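Single-structure report; data block below.
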Amino acid sequence: MEFREVIETTGACRLYRPDAVPDDVLARVLDAARWAPTGGNRQGVRFLAVRDPVKRKTLRDLYVPLWEQYVARAGARPGAPLPKLIQDADHMARHLDQVPVLLVVCAHLGDLLATDRHLDRLSVVAGGSIYPAVQNVLLAARAEGLGTALTTLLCAVEPQVKELLAIPADVLTAALVPLGHPVHPFPRKLARRPLSEVCFGDSWGEPAFR
């Protein structure tokens, strides 16, 4: 596939077929993560490919209450029809155990540095050594014809996830990525804001290109 086609059509997949993902395909997808940049080249990101049906069901059972809380905070009224995007995400949440592979993204705490931790706002910098590897996985999966979705709700119950998967104490969880064959075709192109709205030149709000 052409590079631009890959990045312009890698959207969140929330409806999956139950077909297994072959080991060689999964290995190629995960191998892409190794080439992502990390602070100091520490390479502290780890992936757990959960395929055991009992563990996938447990992850689903942990996920669904968090999802329900999220929808409630989003203002969805009980009994009211949900927007299509929320309907699909709800289906994914309640059928998470049927997705053939659940990738739990982890990272060694000692390999992360949050240079913004002293600021009076949410610290985000440490994720710069984690999420580029996740994006590599999403793009590599797309190139293999597989769908993915980046979710972070399960991080709220990290102790339970770590106990279930025997994750060491000095390792954190950063995301969950369902991975499998999509029910529907990939989009021809994602809907995104124009470049002029997201890229400025020299000062905020000034055009980058004239």
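What follows is calculated from the coordinates using simple rules that are stated; it is not laboratory data. Model, not experiment: these values are computed from the prediction. Ideal geometry is used to build each Cβ from the backbone, glycine not excepted, and the neighbour counts take in all protein chains shown.
What the table shows:
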item	result
C-alpha center-to-center spacing [the range 172-200, the range 115-129] in angstrom	23
Per-residue [θ]222 nm for the chain (sum of -39500 (n - 2.57) over DSSP H runs n ≥ 4, rounded to 500)	-10500 deg cm²/dmol
Charge dipole (debye, nearest 20) of the chain; +1 at Cβ of Lys and Arg, -1 at Cβ of Asp and Glu	400
T152, T58 arranged by Cβ crowding within 10 Å, fewest neighbours leading	T152, T58
Contact order relative to length of the range 3-198, as percent, for alpha carbon pairs under 8 angstrom and 6 or more apart	39
Residue exposure sequence - C199, C13, C155 - by fewest surrounding Cβ within 10 Å	C199, C155, C13
Under 27 Å, Cα to Cα: Lys pairs in the range 3-198, sequence gap 8 or more or different chains	4
Convex hull (Cα only) mean projected area of the range 77-169, reported in nm² to one decimal	9.1
Charge-dipole axis of the range 3-198 as Lys and Arg at +1 and Asp and Glu at -1 on Cβ define it, positive-most pick from F47, L82, A143	L82
Sites matching GluC sites (Glu not before Pro) across the range 1-77 that sit in DSSP coil, with at most 10 neighbouring C-beta atoms within 10 Å	E2
